[in-house]
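*Asks:* Below you'll find the structure I mean.
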Amino acid sequence: MTPEEIGARLSELVAGAQAGVSGGGAYARATVDVPAEQWVAALTAARDELSCDFFDWLSAVDELDAGYDVVAHVWSVGARHGVLLRTRVPAEGASLPSAVPVYPGAAWHERETYEMFGIGFPGPLEPLLLPPEFEGHPLRKSFVLASRVAKPWPGAKEPGESETGSKRQAIRPPGVPAPGEWGPTS
């Protein structure tokens, strides 16, 4: 099946789904946006109707005031096609039904997404990567990087933020000679 056919089929099966195709040329995937209340139904349809028997990954994207996009990639081992399923949850009280009943391998990914973004899923969400005393969700765009608070960033803080408008200069690591100071000249 082509990515267009996969997206169209999933749109037929899931109420409110909108299909598209990712970039990537020969590696393009069907991308299907589904309402949050249809999340589990979309995952189930991908597994049962499109033979997507392999759960690849799940994560989120912080879209600031718009909320969080939760994205899952599932794959059909036999038919060799995949689909990216995406839903949006609000920033306040972000939560989503669990994908674990459909794809048991999603448990680890849901725990990580909870820990990094603060998006709730039902079930135990024990810490995976951060120490128990850690406060906050480090992949949220509102999370302040401690290194920037403790020590000012050298040069422009971000591309385009300098007062002079000049581009950043490449900084060589200590002990690395400048081009032209080493190696053959011909």
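*Asks:* Between Val77 and Glu37, what length in nm is gained on full extension when 0.36 nm per residue of separation is reduced by their alpha carbon distance?
*Replies:* This chain segment gains 11.7 nm when fully extended.
*Asks:* Moving on to the next point. Among Trp108, Trp75, what's the order by accessible area (1.4 angstrom probe), most exposed first?
*Replies:* Details: Trp108 115, Trp75 55 Å².
The most accessible residue leads, giving Trp108, Trp75.
*Asks:* What does the accessible area of Arg47 come to, in Å² to the nearest 10, when a probe of 1.4 Å is used?
*Replies:* 80
*Asks:* Considering only the other residues whose Cβ falls under 10 Å of the Cβ of Leu84, what net charge follows from Lys and Arg at +1 and Asp and Glu at -1?
*Replies:* 0
*Asks:* Order Leu125, Leu13, Leu58 by their accessible area, 1.4 angstrom probe, all chains in place, largest first.
*Replies:* Correct descending sequence by accessible area is Leu13, Leu125, Leu58.
*Asks:* Just to verify a number: what accessible area does Glu135 come out at with the full protein assembly present, 1.4 Å probe, Å² rounded to tens?
*Replies:* 150
*Asks:* Still on this structure, please answer the following. Work out from phi, with θ = phi - 60° and the Karplus expression 6.51 cos²θ - 1.76 cosθ + 1.60, the ³J(HN,Hα) of each residue of segment 85-94, listed in order in whole Hz, and give x for Gly and Pro.
*Replies:* 9, 9, 9, 10, 10, x, 5, 7, x, 4
*Asks:* Run the simple label-point estimate for Phe54 and Trp108 please: 7 Å along Cα→C-beta, distance reported in nm.
*Replies:* That separation, rounded to one decimal, is 1.5 nm.
The values are calculated or read from the model by the stated rules, or taken from the named source; none is laboratory data. Keep in mind that this is a model prediction, so the values were computed, not measured. Every residue, glycine among them, receives a Cβ derived from its backbone with ideal geometry; neighbour counts consider all protein chains shown. Surface areas here come from the heavy atoms of the whole protein model, side chains and all, with no ligands, DNA or RNA. Shrake-Rupley method; radii C 1.70, N 1.55, O 1.52, S 1.80 Å.
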